[in-house]
Structure formats: structure tokens, C-alpha cells
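The values are calculated or read from the model by the stated rules, or taken from the named source; none is laboratory data. Since the structure is predicted, the reported quantities are computational estimates derived from the model, not experimental observations. Backbone-built Cβ (ideal geometry, glycine too); neighbour counts: all protein chains shown. Ligands, DNA and RNA are excluded from the accessible area calculation, which covers all protein heavy atoms including side chains. Shrake-Rupley method; radii C 1.70, N 1.55, O 1.52, S 1.80 Å.
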Number of protein chains: 2
Amino acid sequence: MLKYQQIATEIEKYIEDHALQQGDKLPVLEKLMAQFDVSKSTITKSLDLLEKKGVVFQVRGSGIFVRRHKRKGYISLLSNQGFKKDLEEFTITTEVIELNVIKPSEEVALNLNIKADDDVYSVKRVRYINGQTLCLEESFYNKAIITYLNKEIVSESIFHYIREGLGLKVGFSDLYLHVDMLTEEEAGYLGLKQGMPKLYVETVFHLTNGQPFDFSKITYNYEQSQFVIQADSHFL
Amino acid sequence: MLKYQQIATEIEKYIEDHALQQGDKLPVLEKLMAQFDVSKSTITKSLDLLEKKGVVFQVRGSGIFVRRHKRKGYISLLSNQGFKKDLEEFTITTEVIELNVIKPSEEVALNLNIKADDDVYSVKRVRYINGQTLCLEESFYNKAIITYLNKEIVSESIFHYIREGLGLKVGFSDLYLHVDMLTEEEAGYLGLKQGMPKLYVETVFHLTNGQPFDFSKITYNYEQSQFVIQADSHFL
DNA sequence: CAGTGGTCTAGACCACGGG
DNA sequence: CCGTGGTCTAGACCACTGA
């Protein structure tokens, strides 16, 4: 693990362990440089990382402060999918409906940037949070990249398997959000009524080298759908 | 303007002007260093910024590539609110319903971190996109920070005024998303029917020094609500 | 104006991708 | 193995905050 990641992890852990609150001040840069015995840029890089994650904010001429959003029970939309590890307050379970190798529809081929006769894994799952239906998820994986899947893997965290099992590096993703009304089929899976609202999210995941490998369509139960995003206005 | 911001802007402009597509390769670091006559770290910082904005992605050992999401007509959820300047494909207009100075409700006081007898500006607006209702927006501004507002300012971009007119620096924001059904009042403003789906977003904006100054509650017309988020898995 | 964070440099060395 | 991006350093100098 890289120095600046290691340091970021330790600082984050420190904030957690000491239950620091929004606005609490961290030691000044010079202190941190001494404490971790690294150069200024390395500390800065750690802090930039934590800032990106929404853990701290830095104020020039003043200090480095803890950032916390109030509100419990919200799921972080961007914590890199498979909200699995968000907070252990949530218990997420998964029911696998389907797992097949198929030829892609035009839509899937387009989003995964593959040809009509390439193979894809098609996975359909319902996910539960604390026993309630959370979402219906239909995912498509480029089989040339995700070479093997089985029911066991798919009922756990697929992303963990992709990283650890297959040794692939997940890069960036594009999320497309809509709000709409549930179809009869979706309502059935989620235990709701047709015509009720839904949050519908399509996501394309890419490897670090830019190759798309996962196209997912997720329909959320609106009753469980409370999301938080910690945004950064550093780019504007 | 700082060097690395300037360079980022130029590179982005270059990509736009030459209509580069996803996967197109940019010159190697050495070339860029020479071209802009800066050190490696400065170029790197520019590219990191562009990566955060979703404009490029960098692959170690290979190169720097243009990132583009397909799909037109989506509004970027995170492009720092007041989607005003997103793409000029959209024409956003604003109708001001209310503009008052009031005492905050408990909810508002909590989110703005002020006392019950502090003053806040309360602004209620309906925003239109290409002539259709886009959203109903109810915003509350800490009057101790946003010292003056009038109907003219409020019918244009408030954030532009905050930055340029008041010289304040906008920092980070917390977004809370829900999906729900329209109340009768909301439906009226949006020209929809009660009980139809809505995307409901509450946002707390902070200055760079961490002070919250704007608490907004936005109800989106689901028919116009297509959002895109370009996420980065650099933190995980 | 002292304290503190941010920018920028020049250069050494490391790690990954792909032929 | 080469080309390429990423990390890390030490230090100079700049810019903002707040007393």
C-alpha cells in the first residue's frame, strides 16, 4: 500500500476512533509531516484524498477540519457500488433470480462496447436491506473480461470477487438516474404496487484502462431509497 | 488563475475544440511538460483535476485518455448546482414565487446551523427547462452571510451573485436524495398530478471555511429528471 | 503580521502495460 | 525491456485567515 493511502487510512481511523465531529481541527501540516515522517506533498496528497472522500475539508490560512454529514440511515450513492461495506448498520442480503450466459441486446452491446455475438453474463438479483426489498438489479458482464461467475459468487459481493478473485482493477463509472413509475414486473419483485414511484439507475463500470465490463440497471424501492452524496466544489 | 487550473482549462478546451472522443489519447506527460513549460507535478495536478471532473482518465504505463459519457440530454447532478452553465443546449428560466426574510423553522435552523431568532432569506422558485417545468425549489440563506438579495438577483443565478457580487467562496455540499410522490401543492406548481413520482433533493451548501449558508429543498418533475454522475473509484 | 495551507520546481526512483 | 504514468522528497515562495 502506498504511503499516502496508508496515512489517509490512519487519519480516517483516528477520526473514527475519537469520534471527531464536523468542524473539529486536525493537527497542522507540520505536525503531521513530523508524525508520519514524510514530506509535505505526501501529507497533502493524503488530505486531498480524504477531502475527495468527504472526510475532511482544508481551509487555507486556517487549518484542516473534519467533515461529517448529519443524518443517519442514508446510503452513500457513490461509495463505489456494492454499498456492501457502507456501514454495518445495514444488513444487505441478496436473492439471485437468474444467472445466464447470453448474447447481448443492442442496448447492452452498446453500453459494454461489444459486438452482438460476444458473450455476456446476465445476472438478475433482488437485494434486501434489513429484510425489506431494496432494489431489483439486472447486470450484464462482458464475459471476455469477467471470465467466470457462479451462483455463489453472485450471491455475495461481485465486486470483491472481481478485484480479489480476478485481480482486475475497477476504474470509473457513469451513472444515469431517472425517476419513474414501477412496471408490474418490477412491482412484483419489490413487493410494491404498479405505478408507484421508483428510482431507476443505469450504471456503466469501467476498468482503470477504460474498458467497460459491467452494465447494470437498478430499480430501487422508493421507501428504502435515501441517498447521500458528499460533493466537492473544487471543480467549477 | 493558477497555473494548473489554467492548463486544465486549456486541455479541456483542446478536447472540446477537436471533438475528441472517449479513448482518444492525449500527448504523453513529457510532451505536455514541454508544451506548457511546467514541471511534472503541475501537469499531473492539472490532469488530476480533469480526472475528477470526468474529462480524462489516466492509465499508468499506457497514457492519458479522453473520457466521455454517451447519452445526450442528461443534466449533471454534481456540476456544482445552478446547472445554469451545463450545456447551452438547455434553456433554463426561473419564476420567482416568493422572496422574504423570515425566522427559520427548526429544520432550517438545524441545517444552516443557526439559532431560532437569526434571519434567513426564504426563496421559492419554479424553474423551467425549454419551457417545461423542471423543478420547484425552496431555498433558505443565512442572512448573516448572504446579506442582501432582491427579486432580480434571485431570478438569475444566485450562485454567480454569491461568488462575484459578494465575493464569497463556495466550498462543499451535502445532497440528500429521496424518491416520493407529489403532494397536491407541488403537483400544482409543476403542472403534474398529485401522487405522481418526484425526485426530492435537499442540499446544504457550505463556504470553503465550512459554514453552511444555503439549505435548499428541490422537487423535480420526473419527466425532465434525467441526471448523470461521472464517478471516480479512486477512493475505495 | 504570524500561522497555516497551497503552489511549483527539479529530480530520483518506482510500477505498470504492452510489445 | 521500453515507454509511460505515479510516488516521494526537500525546499522556495505565495496567499489566505484571523487575532
Separation of the range B:1-33 and the range A:1-45 by C-alpha centroid, Å? 32
Per residue, how large is the accessible surface of the range A:82-236? Use a 1.4 angstrom probe and give square angstrom. 44
Among B:ALA19, B:ILE43, B:THR9 - extreme Cα towards positive end, dipole of the range B:3-66, charges at beta-carbon: B:ILE43
Between copies, how close do the A:GLN35 label points come, placed 7 Å along Cα→Cβ, listed in nm from shortest? 4.1
Nothing charged except the Cβ atoms of Lys and Arg (+1) and of Asp and Glu (-1): what's the magnitude of the dipole of the range B:3-66 about its Cα centre? Round to the nearest 20 debye. 240
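When the accessible area of the protein assembly as shown is split by element with a 1.4 Å probe, what percent falls to carbon and sulfur? Walk me through the numbers before you get to the answer.
On the way: 11410 of 23090 Å².
Carbon and sulfur: 49 percent of the exposed surface of the protein assembly as shown.
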Suppose every Lys and Arg Cβ carries +1 and every Asp and Glu Cβ carries -1, with no other charges. What dipole size does chain A come out with about its Cα centre, to the nearest 20 debye? 880
Between B and A, accessible area buried - total, square angstrom, nearest 100, 1.4 angstrom probe: 4900
Assume the label is 7 Å from Cα along Cα to beta carbon: what separations in nm does B:THR91 have to the matching positions in the other copies? 5.6
Mean separation of Cα contacts under 8 Å (6+ apart) over length of the range A:75-228, as relative contact order %: 24
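Please give the length that would be gained between B:LYS151 and B:PHE90 if that part of the chain were fully extended, namely 0.36 nm times their separation in residues minus their C-alpha to C-alpha distance (nm, one decimal). Before the final figure, lay out the partial values.
On the way: separation 61, 0.36 × 61 = 21.96 nm, distance 2.28 nm.
Net length gain for the segment: 19.7 nm.
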Teacher prompt: B:GLU107 distances to equivalent labels in other copies, 7 Å Cα→Cβ, nm: 3.5
Starting from the residue with the highest accessible area, list B:SER216, B:SER62 in decreasing order, probe 1.4 Å. B:SER62, B:SER216
Per-residue ellipticity at 222 nm for the protein assembly as shown, helices alone: DSSP H runs ≥ 4 residues times -39500 (n - 2.57), over residue total, nearest 500 deg cm²/dmol? -6500 deg cm²/dmol
Under 14 Å from the Cβ of B:GLU185, count the other residues' Cβ atoms, weight Lys and Arg +1, Asp and Glu -1, and hand me the total. -2
Taking a probe of 1.4 angstrom, what is the accessible area of A:TYR14 in Å², to the nearest 10? 110
Please report which chain B residue places its beta carbon nearest the axis carrying chain B onto chain A, with the distance rounded to a whole angstrom. B:PRO197, 2
Rounded to the nearest 0.05, what FRET efficiency do A:VAL101 and A:LEU166 have when you use their Cβ-Cβ distance and R0 = 22 Å? 0.85
Leaving out ligands, DNA and RNA but keeping every protein chain, what accessible area does A:MET196 have, in Å² rounded to the nearest 10, with a 1.4 Å probe? 50
Taking only protein heavy atoms and a 1.4 Å probe, the highest-to-lowest accessible-area order of A:ASP214, A:ASP117 is A:ASP117, A:ASP214
Taking H as built 1.01 Å from N, whose amide H comes closer than 5 Å to the amide H of B:ARG68, not counting residues under 5 places away? B:GLN22, B:GLY23
Taking a spot 7 Å from the Cα of A:MET1 along the direction of its beta carbon, which residues of the range B:192-236 have an amide N less than 17 Å from it? B:234-236
Under a point spin-label approximation (7 Å from Cα along Cα-to-Cβ), what is the A:GLN194-A:GLU12 distance to one decimal in nm? 4.5
Can you work out the FRET efficiency for the pair A:LEU110 and B:VAL59, with r the C-beta to C-beta distance and R0 = 22 Å, to the nearest 0.05? 0.45
Probe 1.4 Å, all protein chains present, accessible-area order of B:GLU12, B:GLU152, largest first: B:GLU152, B:GLU12
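Return the average number of partner chain Cβ atoms within 10 angstrom of each residue Cβ along peptide A:217-230.
Details: counts 0, 0, 0, 1, 1, 7, 3, 1, 4, 4, 6, 5, 11, 4.
Neighbouring Cβ atoms belonging to other protein chains average 3 per residue here.
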